[in-house]
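Asker: Sharing a structure with you now.
The values are calculated or read from the model by the stated rules, or taken from the named source; none is laboratory data. Keep in mind that what you see is a predicted model, and the values were worked out from it rather than measured. Here Cβ is always computed from backbone atoms with ideal geometry, including for glycine, and neighbour counts include all displayed protein chains. In case anyone asks, the SASA skips ligands and DNA or RNA and just uses the protein heavy atoms, side chains included. Shrake-Rupley method; radii C 1.70, N 1.55, O 1.52, S 1.80 Å.
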Amino acid sequence: MATKRATTAAAMPVPTTPAASAPWNTLQDQLRGEVLLPSTPGFDAARALWNAMIDKRPAAIARCTGVADVLAALRFARERDIPLAVRAGGHNVAGTALRDDGLVLDLSRMKGIRVDPAARTVRLQPGILNGDLDHETQAFGLAVTSGIASTTGVSGLTLGGGIGWLMRAFGLTCDNLRTADVVTADGAFITASEEEHPDLFWALRGGGGNFGVVTSFTFALQPLGPTVLAGAIVFPASAAGEVLRFYRDYIEEAPDALGTIVLLRHAPESPWIPSEHWRKPVVAILACYAGNIAEGTEVLKPLKAFGSPIADIIQPKPYTLHQRMFDASAPPGLRYYWKSHYLSGLSDDAIDTLLARAWRTSSLRSYTVVARMGGAVSRVAESATAFAHRDAQHVLNINGVWTDPAEDAEHIDWTRDMFTVMEPFSTGGVYVNFLGNEGEERVRAAYGANYDRLVEVKRRYDPDNVFNMNQNIVPG
């Protein structure tokens with residue numbers, strides 16, 4: 001009997017997936033870029049993402065060099081029912097740039113960029129990072145809102161909305177988008193703008209990567225820099241309550257040109273912070289003034305005169321340098337777990353609750369960010385773009401950061417606990433680019449009142465939900 005069972009099992013076909021039997025050499029013949037397989041040298045490096053918590057093994061990675069490669073790879077996958085993921089900057093905390101046993105369209109090598117200083121526009125491919133964008137635009141004293149770290153990809157930033165230092169002055173990154181070239185799920189190549197495919201253009205500005213592969217973006221630019229008034233003022237945690245109450249009142253009267261972020265963390269071992277404060281809890285007010293330095297100096301006087309800071313490095317500096325300020329706090333290869341809320345304000349209770357939990361983490365790398373919104377962000381109608389929650393006053397991002405996988409549960413618990421206690425002060429929404437793998441209800445919360453219209457656009461451009469590795473909008 002035992003022999004019979006063994007013979008029967010041996011005769012049964014081994015289950016395979018479409019990707020397992022795909023003729024990858026056929027795809028390679030169609031691409032100018034390379035197709036990486038698990039047996040290819042460099043495959044593991046190519047599948048590594050910014051967040052080391054993500055450990056997925058695709059069947060293949062197609063390193064696209066242009067639109068022709070994207071079209072060929074998409075057609076290859078669709079003909080064989082191979083599931084897809086799309087990677088650009090690879091910075092998303094949820095790890096949606098990869099998928100197990102699927103084909104990754106890797107756009108990270110597509111790094112073309114051209115500034116037109118006369119028209120004040122920039123056209124760029126999806127592999128461009130914030131630092132690349134700033135480097136080119138600042139050569140002409142121009143800029144567009146581009147996040148708060150130089151290592152973030154412009155593509156994902158834009159498709160999720162795009163908060164950053166300049167948003168109160170110039171709007172979100174997506175508010176400055178003028179055209180987008182898109183490869184759709186059926187293999188069409190189209191340009192979306194206010195005039196062409198306006199429904200798709202609306203959805204791309206905040207709806208994430210649900211609607212196609214964007215192969216080119218064109219943005220409007222604004223005069224800025226190359227020198228700006230920017231930096232940080234740091235206070236000991238013992239003064240945090242007093243500092244945040246002053247800050248709350250101060251920013252109510254601040255002009256739109258002032259972008260600010262509150263940072264709660266343990267002080268890094270940086271030369272500009274006195275060594276006796278290293279590794280101790282601190283609160284920092286970070287600022288960037290998107291305007292005349294003399295005007296900014298007057299605006300920032302009350303903040304710089306307040307209390308007894310342990311460090312004050314708000315000063316004229318290159319904008320490109322300020323954009324790298326967060327890079328050391330969020331390098332690639334660490335373990336990251338995020339939770340986020342939009343806040344309607346900073347009440348006394350909200351401040352007290354925030355401060356009661358902020359430094360309970362045992363990881364000196366973990367931190368909490370509260371970024372001021374409003375300004376130009378709030379002057380765009382809620383329905384004008386897919387980005388929702390324009391009435392939020394702040395975005396709260398709780399960042400669990402550590403290195404040892406054995407500590408995962410501990411740091412995830414801290415992040416979730418802080419998220420839970422701050423929930424009473426939330427608007428109920430969440431910034432899609434700060435969203436992890438949190439389920440359909442949170443996806444709906446991210447898209448807010450625009451969700452139903454996004455479903456309609458999804459049905460038109462991706463009815464089969466080919467692009468589902470994202471904060472997914474199900475076509476239904």
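Asker: Please go through region 54-70 and pick out each residue that is within 22 Å of residue 438 (Cα to Cα) and surrounded by fewer than 19 Cβ atoms within 10 Å (Cβ to Cβ).
Answerer: Hits for region 54-70 are 55, 56, 57.
Asker: Quick test of your reading of the structure: residue 344 fulfils all but one of (1) under 30 Å from residue 141 (Cβ atoms); (2) touching a strand residue (DSSP E or B) at 6+ places or on another chain (Cβ under 9 Å). Name the failing condition by number.
Answerer: Only one criterion in (1) under 30 Å from residue 141 (Cβ atoms); (2) touching a strand residue (DSSP E or B) at 6+ places or on another chain (Cβ under 9 Å) is unmet by residue 344, namely (1).
Asker: Is it the case, given these coordinates, that residue 381 is closer than 26 Å to residue 210 by Cβ, over 21 Å from the mean Cα position of the chain (by Cα), modelled with pLDDT of 95 or more and of a type in the set (Gly, Ala, Ser)?
Answerer: The answer is yes for residue 381.
Asker: Now for a different question. For region 256-278, name all the residues that are open to solvent by 10 Å² or more (accessible area, probe 1.4 Å) and in a loop (DSSP other than H, G, I, E, B).
Answerer: Within region 256-278, 256, 257, 268, 269, 270, 271, 272, 274, 278 meet the criteria.
Asker: In region 71-91, which residue that is among the charged types (D, E, K, R) and in a helix (DSSP H, G or I) is least open to solvent (accessible area, probe 1.4 Å)?
Answerer: 78
Asker: Given the conditions (1) closer than 22 Å to residue 359 by Cα; (2) touching a residue at least 60 places away in the same chain (Cβ under 8 Å), report the number of the one that residue 269 does not fulfil.
Answerer: Exception for residue 269: condition (2).
Asker: Out of 370, 299, I need the residue that is modelled with pLDDT of 95 or more, within 14 Å of residue 262 (Cα to Cα) and of a type in the set (A, V, I, L, M, F, W, C). Which one?
Answerer: 370
Asker: While we're here: Hey, among the residues in region 19-44 that are surrounded by fewer than 17 Cβ atoms within 10 Å (Cβ to Cβ) and aliphatic (A, V, I, L, M), which one's nearest to residue 62 (Cα to Cα)?
Answerer: If we take residues in region 19-44 being surrounded by fewer than 17 Cβ atoms within 10 Å (Cβ to Cβ) and aliphatic (A, V, I, L, M), then 37 is nearest to residue 62 (Cα to Cα).
Asker: Looking at this structure, is residue 68 in a helix (DSSP H, G or I) and either closer than 22 Å to residue 210 by Cβ or touching a Pro at 6+ places or on another chain (Cβ under 7 Å) (or both)? Full working, then the answer.
Answerer: Details: in a helix (DSSP H, G or I): yes; either closer than 22 Å to residue 210 by Cβ or touching a Pro at 6+ places or on another chain (Cβ under 7 Å) (or both): no.
Answer is no for this residue.
Asker: Test of understanding: among 188, 203, 290, which residue is more than 28 Å from residue 134 (Cβ to Cβ) and aliphatic (A, V, I, L, M)?
Answerer: After applying the criteria, what remains is 188.
Asker: Regarding region 35-51, can at least one residue be identified that is modelled with pLDDT of 95 or more and closer than 22 Å to residue 180 by Cβ?
Answerer: No, region 35-51 has no match at all.
Asker: When region 296-313 is examined, which residues are found to be in contact (Cβ under 8 Å) with a residue 40 or more places away in the chain and more than 17 Å from residue 267 (Cα to Cα)?
Answerer: The answer is 296, 297, 299, 300, 302, 303, 304, 306, 307.
Asker: Turning to a different aspect of this structure: I'd like the full set of residues that are surrounded by 17 or more Cβ atoms within 10 Å (Cβ to Cβ) and part of a loop (DSSP other than H, G, I, E, B), limited to region 326-371.
Answerer: Those that are surrounded by 17 or more Cβ atoms within 10 Å (Cβ to Cβ) and part of a loop (DSSP other than H, G, I, E, B): 326, 330, 346, 358, 359, 361, 363, 364, 365, 366.
Asker: Of all residues being within 16 Å of residue 373 (Cβ to Cβ) and of a type outside the set (Lys, Arg) in region 241-252, which is most open to solvent (accessible area, probe 1.4 Å)? Just the residue, please.
Answerer: Among residues in region 241-252 that are within 16 Å of residue 373 (Cβ to Cβ) and of a type outside the set (Lys, Arg), the one most open to solvent (accessible area, probe 1.4 Å) is 252.
Asker: Condition first: out of contact with any strand residue (DSSP E or B) (no Cβ under 6 Å at 6 or more places or on another chain), touching a residue at least 24 places away in the same chain (Cβ under 8 Å) and of a type in the set (S, T, N, Q). Can you find one or more residues in region 274-294 that meet it?
Answerer: Among the residues of region 274-294, not one is out of contact with any strand residue (DSSP E or B) (no Cβ under 6 Å at 6 or more places or on another chain), touching a residue at least 24 places away in the same chain (Cβ under 8 Å) and of a type in the set (S, T, N, Q), which makes the answer no.
Asker: Something else: Condition (residue is more than 17 Å from residue 467 (Cβ to Cβ) and hydrophobic (A, V, I, L, M, F, W, C)) applied to region 90-97: is it met by at least one residue?
Answerer: Scanning region 90-97, I find at least one residue that is more than 17 Å from residue 467 (Cβ to Cβ) and hydrophobic (A, V, I, L, M, F, W, C), so the answer is yes.
Asker: What residue, among those in region 304-321 that are under 26 Å from residue 141 (Cβ atoms) and not β-branched (Val, Ile, Thr), is surrounded by the most Cβ atoms within 10 Å (Cβ to Cβ)?
Answerer: 319
Yes/no per residue for (1) buried (at least 24 other Cβ atoms within 10 Å of the Cβ); (2) over 24 Å from residue 376 (Cβ atoms); (3) not acidic (Asp, Glu):
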| site | (1), (2), (3) |
| --- | --- |
| 153 | yes, no, yes |
| 158 | yes, no, yes |
| 172 | yes, no, yes |
| 183 | no, yes, yes |
| 187 | no, yes, yes |
| 194 | no, no, no |
| 202 | no, no, yes |
| 207 | yes, no, yes |
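Asker: Given the conditions (1) at pLDDT 95 or above; (2) within 18 Å of residue 326 (Cα to Cα), which single one is not true for residue 159?
Answerer: Every condition holds for residue 159 apart from (2).
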